[in-house]
Amino acid sequence: MITGATAGLGAAFARRLARDGHDLVLVARDEERLREQAAAMHDRYGVNASVTVADLSTEEGISTVEERLTDQARPVDLLVNNAGFANRDTFLKVPVEDELTMLKVHCEAVLRLTSAAAGSMRDRGRGGVVNVASLAAFVPRGTYGASKAWVVQFTQGVAKDLAGSGVRLMALCPGFVRTEFHKRAGMDAGSVPGWMWLDADKVAGAAVKDLARGRTLSIPGVRYKALMGAANLLPRSVLARASSSTGRRYAPR
């Protein structure tokens, strides 16, 4: 099962897993795009791809996906919690209601869907959960970074709690990935150097390999692994200044 499956990194996960012969459950809000994606996966890779229409910013949407994850007649062996978004402005310029919606999608939905999936997986003695976070989890980045930091800490903590159960959990922390993400947030990412961009398909492939290796944290790309090593040596004030400007120019409303 992949949430946020119709574009970007979610679509890349769908392609990678379908290519490996896995049947898919695709989750997103847009039913038309979901069905197009499911048909494409079936036609190209010969796998079964079902759709679950759900808005994870709502109670109804989260409950719908929880119910699917706990359906014992149709077990899910791998959950990719990929759904997410960024608000288009800085703190206090973003309505509190929008900040709370972000926390519902990035934190509450991730917690509840991980719980639903991992419980069923533990009963079967196998399974995996990939929770998509971000390198923003490790630098000062407002509500977005804070929510992704929660995802990392939550995932690694649960991975420790479930060690030996057959259930693997991993937080995926990519840097800048070429997707619709920044455009949807109204961000002008033109200031981001070309070398910092990652390919979505390569990120998904790296994540699948790292999960198989038993890692609880995946940072795709040699350049980002090196950057994170260097960041650990820098003062938080320097990181805060860099993070507040990189990739955060906003297009006119």
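Any read-out appearing in this document is the output of simple, stated calculations on the displayed coordinates, not a laboratory observation. The structure displayed is predicted, hence computed values, not measured ones. Cβ atoms come from the backbone with ideal geometry, glycine included; neighbour counts cover every protein chain shown.
Can you give me the distance in nm between label points at Ser115 and Lys160, each placed 7 Å from the Cα along the Cα-to-Cβ direction?
2.0
Straight-line reach from Lys225: which aspartates and glutamates have Cα under 17 Å away, leaving out those fewer than 8 places along the same chain?
Result set, ordered by chain and number: Asp199, Asp210.
Suppose R0 equals 25 Å; then what is the FRET efficiency for Cys107 and Asp30 from their Cβ-Cβ distance, rounded to the nearest 0.05? Write out the running numbers ahead of the final one.
On the way: r = 23 Å, r/R0 = 0.91.
For R0 = 25 Å, the calculated efficiency reads 0.65.
When Rg is the radius of gyration of the Cα atoms in the range 1-126 and Rh is its Kirkwood radius, what does Rg/Rh come to?
1.00
What nm distance separates the two modelled labels at Asp98 and Ala39, each placed 7 Å from Cα along Cα→Cβ?
Reported label-point gap for Asp98 and Ala39 is 3.4 nm.
Using 0.36 nm per residue, how much length does the chain from Phe91 to Asn48 gain when fully extended, once their Cα-Cα distance is taken away?
That pair, Phe91 and Asn48, stretches by 11.2 nm at full extension.
With Cβ to Cβ distances under 15 Å as the rule, what net charge do the other residues near Arg112 carry (K, R +1; D, E -1)?
It works out to a net charge of -4.
What value in Å³ per residue do you get for the convex hull of the alpha-carbon atoms in the range 72-144?
Normalising the Cα hull of the range 72-144 by residue number yields 92 Å³.
Near Gly127, within a Cβ-to-Cβ distance under 9 Å, what is the net charge of the other residues, with Lys and Arg +1 and Asp and Glu -1?
+3
Find out how many positive minus negative residues lie around Glu59, taking Lys and Arg as positive, Asp and Glu as negative, among other residues whose Cβ is under 11 Å from that of Glu59.
Net charge in that neighbourhood comes out at -2.
If a paramagnetic tag sat 7 Å from the Cα of Ala226 along the Cα-Cβ line, which residues of the range 121-161 would have the backbone N under 20 Å from that point?
Once the point is set 7 Å along Cα→Cβ of Ala226, 135-136 turn out to lie under 20 Å by backbone N, inside the range 121-161.
Under a cut-off of 19 Å between alpha-carbon atoms, report the aspartates and glutamates in cross-link reach of Lys93, not counting same-chain residues fewer than 8 places apart.
Once the sequence-local aspartates and glutamates are set aside, what remains near Lys93 is Asp188.
List every residue whose amide H lies under 5 Å from the amide H of Val51, counting only residues 5 or more places away in sequence or on a different chain, with H placed 1.01 Å from N in the peptide plane.
Amide H to amide H, under 5 Å and 5 or more residues apart or across chains, Val51 pairs with Leu26.
Post the alpha-carbon centroid distance, the range 56-134 to the range 194-230, in whole angstrom.
If you average the Cα positions of each part, the centres end up 21 Å apart.
Amide H neighbours of Val80 under 5 Å, at least 5 residues apart or on other chains, H built in the peptide plane: list them.
Those qualifying (amide H under 5 Å, at least 5 residues apart or on another chain) are Ile2, Thr3, Val130.
Name the lysines eligible as straight-distance cross-link partners of Lys160: C-alpha to C-alpha under 20 Å, and not fewer than 8 places from it in the same chain.
Lys148, Lys209
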